[in-house]
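Participant: Submitted below is the structure of interest, expressed as structure tokens.
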Amino acid sequence: MVPDTVTPPADTVEHAAASPDQPQPYRELGLKDDEYARIREILGRRPTDAELAMYSVMWSEHCSYKSSKVHLKYFGETTTEAMREKMLAGIGENAGVVDVGDGWAVTFKVESHNHPSYVEPYQGAATGVGGIVRDIMAMGARPIAVADPLRFGPADAPDTARVLPGVVSGVGGYGNCLGLPNVGGEVVFDEGYAGNPLVNALCVGSMRVEDLHLAFASGTGNKIILFGARTGLDGIGGVSVLASETFDGSGTGQKKLPSVQVGDPFTEKVLIECCLELFHAGLVVGIQDLGGAGLSCATSELASAGDGGMHIDLDAVPLRATGMTPAEILSSESQERMCAVVRPEDVDAFMAVCRKWDTLATVIGEVTDGDRLVITWHGETVVDVPPRTVAHDGPVYHRPVERSATQDALIADSPDALPRPAAPSELRDEILRMAASPNLCSRAWVTDQYDRYVRGNTASAQPADAGVVRIDESTGRGIAVATDCNARFVALDPYTGAQLALAEAYRNVATSGAVPAAVTNCLNFGSPEDPHVMWQFSEAVRGLADGCAALGIPVTGGNVSFYNQTGDRAILPTPVIGVLGVIDDVARRVRSGFTGEGDVVVLLGTTADELGGSEWAHVVHGHLGGRPPAVDLAAEQRLGALLAAAAADGVLTGSHDVSDGGLAQALVEASLVGGCGAAVELPAGLDPFVALFSESAGRALVTVAASDADAFLVRAAEAGVPGVRLGTVGGDSLAITDLPAIPLGELRAAWEGTLPALFGSATD
Amino acid sequence: MSETAGMRIGVITFPGTLDDVDAARAVRYAGAEPVALWHGDHDLRGVDAVVVPGGFSYGDYLRAGAIASLAPIMTEVIDGARRGLPVLGICNGFQILCEAGLLPGALVRNAGLHFVCRDQRLRVESAATAWTSRYTAGDEIVVPLKSGEGRYVADAATLGELEAEGRVVFRYTGGNPNGAMSDIAGVASADGRVVGLMPHPEHAIDALTGPSTDGLGLFTSVLTAAAMA
């Protein structure tokens, strides 16, 4: 091997053909023996170093979905024509696109950036935001909002104190600088995520239907333009082997930079404005963002989605390091880059727009006749491959799927035997203890570090049930988005648990006043090589797909993150579900708090004794076992329809989902968020403890003006939604049946004190 | 409002500016015409007043507002301000005006070291500026604050001068969010035509999208001021 001090001669196609027996570090790059053999078979020779780098990153689990593909196709099989009606782009595109009416389309997607965020919390989280935003841009949309579902180890664990502040400030640091309002997300703590936090990032974009852009390279002679940041040595190997050696195999690692990418949000903000101006000027034939697997991914995906071949000249790629090899240039995950296909006659105009925004843009190749992706460097051919074999024809695994016997023990360990509080004063104490617990307490410490106001279209953000964003100022048309997942439910029963996550996100969109329209997901699981994990995964996928079919809303895209585990211990199975809803006029959105003195408080839905996997069992007993709450999607649909219709009519003065922590927590949050107390009677015939802490699905807490209460209850009954009048909004305490009343000040201190006590006050 | 009809207010966009659309909307809500101004131009397009909006101009590299203060458009803004052109700097815009020498003092990292986004209560300390004439001194308003480098600092002599001349325009109340000296949220130039503040009045013009409509007064105030100029 050559020394690192000079640029090594390229491993050309010619050289590879002449040296079939040269050993190659394919195992170090994450390829199995049979995968390597298949590459040799496809090419009819050994791959060059550059080709090996491309195949290894594109055939990684992250890019190829090789373990999940056979399961994910169930989404397609269960999506009916009726569900497809509003879908303009679906699974397989950079992000799903939905027609939301009046000529508007909305695109949204959630992705994981879990492992980088554990290694380097700030940059890992920041570049997670950057990556998902570029996916949305690549559809031709203007990004309009972000949200971040985050999961950490125990709130008081030392490693959480290392990871959480960095992640939160990374999300804020990048998103705030991009000028995107952060409108939601989640923060969940559980022992199961110690050593493997989940950092998921969601982005929503809007566009006119006719502006939809798809990633393809067609038209012989069209130019390939790389624009945005320069290409450097950062993020190399981030996809396949997080801390790999350099690809030249010399092992000296002299050029090795952190495998976690480094973000520059300013460059991305300028790139957003530049891209939108390019789109509006009609200068873009096809576009692809550069994310995982960098140029390897962008070129092979653009070429294989088009109708010709492609030639790329690596010498034209602007670099920020000297002596980079072709493999390094192709694998670099330097951030803030996009790749466009442009007609030759438009290149000058394209460059002029880029110059206006001080964005570096370079023609690096063109669409060719034929069907090969050919990449040259220093005048020699270093890659000559059929692009589909890189981008789409990766290996497909039928991993063993097996439900472990431990699952029976888990289900048998019912929460029924746990001591339950009964005396009024005990119940009162438990409400306060729950309100202060890490998973239920105020998220303000986190969300106050995010800009929720920028662009002036945010009609609701945290602590709302769903983020609501206006997309058309003249009509008020807007969208609502929520993400949810109670992973403990999924652990107890992955099929039902995934449906419960879907139902909760669906409900959160409905309580905000919107009509649910589409679903995205980020499926975070342990190792696919563990048959039990694959069982969890396949059950969750089936549950989600069947649930979407039952609710009549399509999955438009998603992301799979495997290998979330520490040693043999997998995380809780965490299929984060995002639901997007449409609201005709955001002025009709409903907030989640008690605000109107004298308003009547109504509980919608049915409460049963369901505490398996509940927050109460977790907080008070550290218990996880039994069965999760039952899910009734038809009931969810009836509830959702009632909520959206009543919101549109302006009947609801407040509306809040009842889920984690049960009715007790819903009452606490409604009081504190709205700033108004309430006096309520728990429903007759129910054990007060069950009424307060059960997590039965399909429920919402709403308020209506006293004069509307009777009519609303009739309307609910006619809609097939059970409703019970609980009491009245008013006063400065939360008074529940015969429990000693809780002054809002005491409640607020409990609810708001926890995160600042753990992670430090943000303002002093 | 007939005397203010046809009023044109410039809103500057630098690379990295974020709240320009919001500032333009606020100008519209106030009844004037927003005029987009580009950082690289030496042209104020004949506007009657200028808003330097929030964001992270040039990524806030080097120092917040430092690079933007040297942009071609700022030469014109500085010239205009010397002639009495009303100029409002919001958040990053305030930082830029301080860097450009149009306002005294500086904005540094929040005391808590975090970015802080919250609905902030402010007291209007002076109604004697081009941007606050529609308020009454002592009014309390609620306006979003969202910044990581919002702690106002100045030397003792400058602070004394600002207080003595009534040039502290806004002060934080109900808790100082960033450690600003003397709870200062916004200040004015000696002639009261240039005002800078860290909170975002342009995000408080509509109860649908903001915590209040308290911020609109800045944009209506300047219509009178510009009409009288």
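The values are calculated or read from the model by the stated rules, or taken from the named source; none is laboratory data. Here the structure is a predicted model, which is why all the values come from computation and not from measurement. A quick note on method: Cβ atoms are made from the backbone with ideal geometry, for glycine too, and the neighbour counts reach across all protein chains shown.
Participant: What's the number of the condition A:Asp190 fails, among (1) out of contact with any helix residue (DSSP H, G or I) (no Cβ under 8 Å at 6 or more places or on another chain); (2) under 27 Å from A:His115 (Cα atoms); (3) charged (D, E, K, R)?
Facilitator: Only one criterion in (1) out of contact with any helix residue (DSSP H, G or I) (no Cβ under 8 Å at 6 or more places or on another chain); (2) under 27 Å from A:His115 (Cα atoms); (3) charged (D, E, K, R) is unmet by A:Asp190, namely (1).
Participant: Working only within the stretch A:725-745, note down all residues that are acidic (Asp, Glu) and closer than 23 Å to A:Leu686 by Cα. Spell out how you get there, then give the answer.
Facilitator: Restricting attention to the stretch A:725-745, the residues satisfying the condition of being acidic (Asp, Glu) are A:732, A:738.
The one that is acidic (Asp, Glu) and closer than 23 Å to A:Leu686 by Cα: A:Asp738.
Participant: Can you pull out the residues in the stretch A:136-182 that are farther than 19 Å from A:Glu268 by Cβ and basic (Lys, Arg)?
Facilitator: A:Arg151, A:Arg162
Participant: For a quick check of your reading: which strands (runs of 3 or more DSSP E) sit entirely within the stretch A:670-764 and have at least 2 residues that are within 29 Å of A:Ser414 (Cα to Cα) and within 33 Å of the chain's Cα centre (by Cα)? Spell out how you get there, then give the answer.
Facilitator: Working: elements: A:678-680, A:700-704, A:723-729, A:733-736.
Filter on the stretch A:670-764 gives A:700-704.
Participant: Of the residues that sit in the stretch B:109-124 and are closer than 16 Å to B:Thr173 by Cβ and within 14 Å of chain A (Cβ to nearest Cβ), which one is surrounded by the fewest Cβ atoms within 10 Å (Cβ to Cβ)? Working first, answer last.
Facilitator: The initial filter retains those residues of the stretch B:109-124 that are closer than 16 Å to B:Thr173 by Cβ, namely B:116, B:118-124.
Cutting the leftovers down to within 14 Å of chain A (Cβ to nearest Cβ) gives us B:116, B:118-121.
Values: B:Val116: 20, B:Arg118: 19, B:Asp119: 15, B:Gln120: 27, B:Arg121: 20.
So the residue we want is B:Asp119.
Participant: Within the stretch B:132-153, is even one residue at pLDDT 95 or above, within 14 Å of chain A (Cβ to nearest Cβ), out of contact with any helix residue (DSSP H, G or I) (no Cβ under 9 Å at 6 or more places or on another chain) and not in a helix (DSSP H, G or I)? Before the answer, list the steps.
Facilitator: Going through the stretch B:132-153, the residues at pLDDT 95 or above turn out to be B:132-153.
Right, trim to within 14 Å of chain A (Cβ to nearest Cβ) and you get B:142-151.
Those left that are additionally out of contact with any helix residue (DSSP H, G or I) (no Cβ under 9 Å at 6 or more places or on another chain): B:142, B:145.
When the remaining residues are screened for being not in a helix (DSSP H, G or I), the result is B:142, B:145.
Looking for residues that are at pLDDT 95 or above, within 14 Å of chain A (Cβ to nearest Cβ), out of contact with any helix residue (DSSP H, G or I) (no Cβ under 9 Å at 6 or more places or on another chain) and not in a helix (DSSP H, G or I), one finds at least one in the stretch B:132-153, hence yes.
Participant: Still on this structure, I have one more. Residue under question is B:Pro34, and the condition is that it be assigned to a strand (DSSP E or B) and in contact with a Lys or Arg (Cβ under 8 Å, 6 or more places away or on another chain); does it hold?
Facilitator: On the way: assigned to a strand (DSSP E or B): yes; in contact with a Lys or Arg (Cβ under 8 Å, 6 or more places away or on another chain): yes.
Here the answer is yes, as B:Pro34 does meet what is asked.
Participant: Considering (1) at pLDDT below 85; (2) touching a helix residue (DSSP H, G or I) at 6+ places or on another chain (Cβ under 8 Å); (3) among the polar types (S, T, N, Q), say which one A:Gln254 fails and leave the rest.
Facilitator: Tallying (1) at pLDDT below 85; (2) touching a helix residue (DSSP H, G or I) at 6+ places or on another chain (Cβ under 8 Å); (3) among the polar types (S, T, N, Q), A:Gln254 fails exactly one: (2).
Participant: Next question, about the same structure. Out of all the residues in the stretch A:135-143, is one or more surrounded by fewer than 24 Cβ atoms within 10 Å (Cβ to Cβ) and of a type in the set (Lys, Arg)?
Facilitator: Yes: one or more hits.
Participant: Scan the stretch A:411-427 and report the pairs whose first residue is free of Cβ contacts under 8 Å to residues at least 40 places away in the same chain and whose second residue is in a helix (DSSP H, G or I) and surrounded by 11 or more Cβ atoms within 10 Å (Cβ to Cβ), with Cβ atoms within less than 6 Å and a gap of 6+ or a chain change.
Facilitator: none
Participant: Considering only the stretch A:580-601, I want to know if a residue exists there that is within 14 Å of chain B (Cβ to nearest Cβ) and part of a strand (DSSP E or B).
Facilitator: So far as the stretch A:580-601 goes, yes, one or more of its residues are within 14 Å of chain B (Cβ to nearest Cβ) and part of a strand (DSSP E or B).
Participant: To continue, here is another question. Hey, among the residues in the stretch A:156-180 that are buried (at least 21 other Cβ atoms within 10 Å of the Cβ) and outside any helix (DSSP H, G or I), which one's farthest from the other protein chains (Cβ to nearest Cβ)?
Facilitator: Among those residues, the one meeting the criterion is A:Leu180.
Participant: Please count how many residues of the stretch B:142-192 are among the charged types (D, E, K, R) and in contact with a Cys (Cβ under 6 Å, 6 or more places away or on another chain). Please lay out each step first, then the result.
Facilitator: Narrowing the stretch B:142-192 to residues among the charged types (D, E, K, R): B:146, B:149, B:151, B:155, B:161, B:163, B:165, B:167, B:171, B:183, B:191.
Next, only the ones that are in contact with a Cys (Cβ under 6 Å, 6 or more places away or on another chain) stay: B:146.
Number of matching residues: 1.
Participant: Please specify each residue of the stretch A:62-80 satisfying the condition of being part of a helix (DSSP H, G or I) and farther than 22 Å from A:Ile553 by Cβ. Break it down stepwise before answering.
Facilitator: The first filter runs over the stretch A:62-80 and keeps only residues part of a helix (DSSP H, G or I), leaving A:62-64, A:69-78.
A:His62, A:Cys63, A:Ser64, A:Lys69, A:Val70, listed by residue number.
Let's see how each residue does on (1) part of a helix (DSSP H, G or I); (2) free of Cβ contacts under 8 Å to residues at least 24 places away in the same chain:
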| site | (1), (2) |
| --- | --- |
| A:Gly370 | no, no |
| A:Thr376 | no, no |
| A:Pro395 | no, no |
| A:Arg399 | no, no |
| A:Ser404 | no, no |
| A:Asp429 | yes, yes |
| A:Leu440 | no, no |
| A:Val446 | yes, no |
| A:Arg452 | no, no |
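Participant: Another one. Inspect the stretch B:48-68 for any residue being outside any strand (DSSP E or B), more than 14 Å from chain A (Cβ to nearest Cβ) and either under 15 Å from the mean Cα position of the chain (by Cα) or buried (at least 24 other Cβ atoms within 10 Å of the Cβ) (or both) and give the result as yes or no.
Facilitator: Checked against the condition, which is being outside any strand (DSSP E or B), more than 14 Å from chain A (Cβ to nearest Cβ) and either under 15 Å from the mean Cα position of the chain (by Cα) or buried (at least 24 other Cβ atoms within 10 Å of the Cβ) (or both), the stretch B:48-68 yields no hits at all.
Participant: While we're looking at this one, here's another question. Mind checking which residues of the stretch B:100-140 are over 17 Å from B:Ala180 (Cα atoms) and either of a type in the set (Asp, Glu) or in contact with a His (Cβ under 9 Å, 6 or more places away or on another chain) (or both)? Don't jump to the end; show me each part of the working.
Facilitator: Looking only at the stretch B:100-140, we keep the residues that are over 17 Å from B:Ala180 (Cα atoms), and these are B:100-102, B:126-140.
Within the stretch B:100-140, B:Asp139, B:Glu140 qualify.
Participant: Might you let me know whether the stretch B:189-210 holds any residue that is more than 14 Å from chain A (Cβ to nearest Cβ) and under 20 Å from A:Gln449 (Cα atoms)?
Facilitator: If we filter the stretch B:189-210 for residues that are more than 14 Å from chain A (Cβ to nearest Cβ), which is where we start, we get B:189-197.
Next cut, under 20 Å from A:Gln449 (Cα atoms) only: B:197.
There is at least one residue in the stretch B:189-210 that is more than 14 Å from chain A (Cβ to nearest Cβ) and under 20 Å from A:Gln449 (Cα atoms).
Participant: Then there is this: Please give the number of the condition A:Val385 fails out of (1) within 34 Å of the chain's Cα centre (by Cα); (2) farther than 23 Å from A:Ile42 by Cβ.
Facilitator: Single failed check for A:Val385: (2).
Participant: If you don't mind, another one. Looking at (1) out of contact with any Leu (no Cβ under 6 Å at 6 or more places or on another chain); (2) on the phi > 0 side of the Ramachandran plot, can you tell me which one A:Gly179 breaks?
Facilitator: All conditions are met except number (1).
Participant: Could you check the stretch B:90-108 and list, in sequence order, the residues that are of a type in the set (Gly, Ala, Ser), in a loop (DSSP other than H, G, I, E, B) and surrounded by fewer than 22 Cβ atoms within 10 Å (Cβ to Cβ)?
Facilitator: The first filter runs over the stretch B:90-108 and keeps only residues of a type in the set (Gly, Ala, Ser), leaving B:93, B:100-101, B:105-106.
Those left that are additionally in a loop (DSSP other than H, G, I, E, B): B:100-101, B:105.
Within the stretch B:90-108, B:Gly101, B:Gly105 qualify.
Participant: Out of A:Thr556, A:Thr496, which single residue is within 17 Å of the chain's Cα centre (by Cα), β-branched (Val, Ile, Thr) and away from every other protein chain (no Cβ under 14 Å)? Step through it out loud before you land on a result.
Facilitator: Details: A:Thr496 fails: within 17 Å of the chain's Cα centre (by Cα).
None of the others qualify; the one that does is A:Thr556.
Participant: Is it true that some residue in the stretch A:756-764 is charged (D, E, K, R), within 14 Å of chain B (Cβ to nearest Cβ), free of Cβ contacts under 8 Å to residues at least 60 places away in the same chain and surrounded by fewer than 19 Cβ atoms within 10 Å (Cβ to Cβ)?
Facilitator: Quick first cut of the stretch A:756-764, residues charged (D, E, K, R) only: A:764.
Of the ones still in play, those that are also within 14 Å of chain B (Cβ to nearest Cβ) are A:764.
Narrowing the set further to residues that are free of Cβ contacts under 8 Å to residues at least 60 places away in the same chain leaves A:764.
With surrounded by fewer than 19 Cβ atoms within 10 Å (Cβ to Cβ) added as a condition, the list becomes A:764.
Yes; the residues of the stretch A:756-764 include at least one that is charged (D, E, K, R), within 14 Å of chain B (Cβ to nearest Cβ), free of Cβ contacts under 8 Å to residues at least 60 places away in the same chain and surrounded by fewer than 19 Cβ atoms within 10 Å (Cβ to Cβ).
Participant: If you take the residues in the stretch B:125-145 that are under 30 Å from A:Trp445 (Cβ atoms) and without any contact (Cβ under 8 Å) to a residue 60 or more places away in the chain, which one is surrounded by the most Cβ atoms within 10 Å (Cβ to Cβ)? Walk me through how you get there before you give the answer.
Facilitator: Of all residues in the stretch B:125-145, those under 30 Å from A:Trp445 (Cβ atoms) come to B:140-145.
Keeping just the survivors that are without any contact (Cβ under 8 Å) to a residue 60 or more places away in the chain gives B:140, B:145.
Values: B:Glu140: 11, B:Leu145: 24.
Among those that are under 30 Å from A:Trp445 (Cβ atoms) and without any contact (Cβ under 8 Å) to a residue 60 or more places away in the chain, it is B:Leu145.
Participant: Given the structure, is B:Leu223 surrounded by fewer than 23 Cβ atoms within 10 Å (Cβ to Cβ) and either within 14 Å of chain A (Cβ to nearest Cβ) or in contact with an Asp or Glu (Cβ under 9 Å, 6 or more places away or on another chain) (or both)? Talk me through it step by step, then tell me what you get.
Facilitator: Values: surrounded by fewer than 23 Cβ atoms within 10 Å (Cβ to Cβ): no; either within 14 Å of chain A (Cβ to nearest Cβ) or in contact with an Asp or Glu (Cβ under 9 Å, 6 or more places away or on another chain) (or both): yes.
Considered against the rule, which asks whether it is surrounded by fewer than 23 Cβ atoms within 10 Å (Cβ to Cβ) and either within 14 Å of chain A (Cβ to nearest Cβ) or in contact with an Asp or Glu (Cβ under 9 Å, 6 or more places away or on another chain) (or both), B:Leu223 comes out as no.
Participant: Could you please give the count of residues in the stretch A:463-492 that are out of contact with any Leu (no Cβ under 7 Å at 6 or more places or on another chain), in a loop (DSSP other than H, G, I, E, B) and more than 10 Å from chain B (Cβ to nearest Cβ)?
Facilitator: 10
Participant: Given the conditions (1) surrounded by fewer than 24 Cβ atoms within 10 Å (Cβ to Cβ); (2) outside any loop (DSSP other than H, G, I, E, B), and given that A:Ala501 satisfies all but one, which numbered condition is not satisfied?
Facilitator: (1)
Participant: How do the pairs read when you match residues in the stretch B:171-183 that are away from chain A (no Cβ under 13 Å) with residues anywhere that are hydroxyl-bearing (Ser, Thr, Tyr), using Cβ under 9 Å and keeping only pairs 6 or more apart or on different chains?
Facilitator: B:Arg171/B:Ser182; B:Met181/B:Tyr152; B:Ser182/B:Tyr152
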